[in-house]
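First comes the structure, then the notes that go with it.
The values are calculated or read from the model by the stated rules, or taken from the named source; none is laboratory data. These numbers were taken from a predicted model, which means no experiment stands behind them. Every residue, glycine as well, gets a Cβ built from its backbone with ideal geometry; the counts of neighbours run over all protein chains shown. In case anyone asks, the SASA skips ligands and DNA or RNA and just uses the protein heavy atoms, side chains included. Shrake-Rupley method; radii C 1.70, N 1.55, O 1.52, S 1.80 Å.
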Amino acid sequence: DVKVTQSSRYLVKRTGEKVFLECVQDMDHENMFWYRQDPGLGLRLIYFSYDVKMKEKGDIPEGYSVSREKKERFSLILESASTNQTSMYLCASSPRVGTGELFFGEGSRLTVL
Amino acid sequence: SQQGEEDPQALSIQEGENATMNCSYKTSINNLQWYRQNSGRGLVHLILIRSNEREKHSGRLRVTLDTSKKSSSLLITASRAADTASYFCATEGSYGKLTFGQGTILTVHP
């Protein structure tokens, strides 16, 4: 089975802190994605990557950056966390473009105080 | 922008009844997918229907797609309490990007 592992299920950070959310997949997938999920807004794409060292902005990239140094790992970085970044963050991967199904991690619930 | 919009936002039914959820989208798609999310967990893929397909079945799930109306429906037959979850439609665009709707919260009462 494909496994997408997000390093932290729950985090509490203070405004201004730098936050790293880590995601690792074990099935050699080409594509990796970061979404945030908020009540009433559904899932919104932050960034995605279709290859190592490649990244593309999604719909809401402001305040975030990403890193993909190795194929299996895709990190989401909040350079200076703000309270409006309190959310559930979901990482996903897929084998390659056009294959459809995304495999999701369990999510990381971030609270910024 | 939200590509997929689900309707209704919430649905409450009794075990054994059928549940129907609808999804509308705005632009052309490669495929449309349905996902399920249990409370506080990640999403799990249920079924994918390609733009040249009109109907697809998987177990108790039936999905239809009407590209002329830019809409899809998910039918869960003979629902069970374990089907209680949020259900999302998602449309696939370039680079395999999925755009999700806001979801339908389904509650199935024993």
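Quick notes
- If you model the protein assembly as shown as an ellipsoid using its alpha carbon gyration tensor, with each semi-axis the square root of five times an eigenvalue, the axes come out at 29, 20, 15 Å, biggest first.
- Under 22 Å from the Cα of A:Lys3 - lysines, other chains or at least 8 residues apart: A:Lys53, A:Lys55, A:Lys70, A:Lys71, B:Lys97
- When chain A is described by a simple charge dipole with +1 on each Lys and Arg Cβ and -1 on each Asp and Glu Cβ, the residue from A:Leu78, A:Leu113, A:Ser8 located farthest towards its positive end is A:Leu113.
- Cysteines without a disulfide-compatible partner [the protein assembly as shown; Cβ-Cβ under 4.7 Å]: none
- Solvent-accessible area per residue, Å², over the protein assembly as shown with all protein chains present [probe radius 1.4 Å]: 47
- Dipole moment magnitude, nearest 20 debye, region B:5-109 about Cα centre, only Lys, Arg, Asp, Glu C-beta charged: 280
- Label-point gap, in nm, between B:Thr27 and B:Ala82 - each point 7 angstrom along Cα→Cβ: 3.9
- Accessible area in the full protein assembly, largest first, 1.4 Å probe, for B:Thr27, B:Thr64: B:Thr27, B:Thr64
- For chain B, built as a Gaussian network whose Cα springs stay under 10 Å, the top-fluctuating residue of B:Ala90, B:Ala19, B:Ala81: B:Ala81
- Probe 1.4 Å - accessible area at B:Lys97, Å² to nearest ten: 50
- One decimal place: the segment B:Asn52-B:Ser68 gains 4.6 nm when fully extended, by the rule 0.36 nm per residue minus the C-alpha distance.
- Accessible area buried, both sides summed, chains A and B with 1.4 Å probe, Å²: 1900
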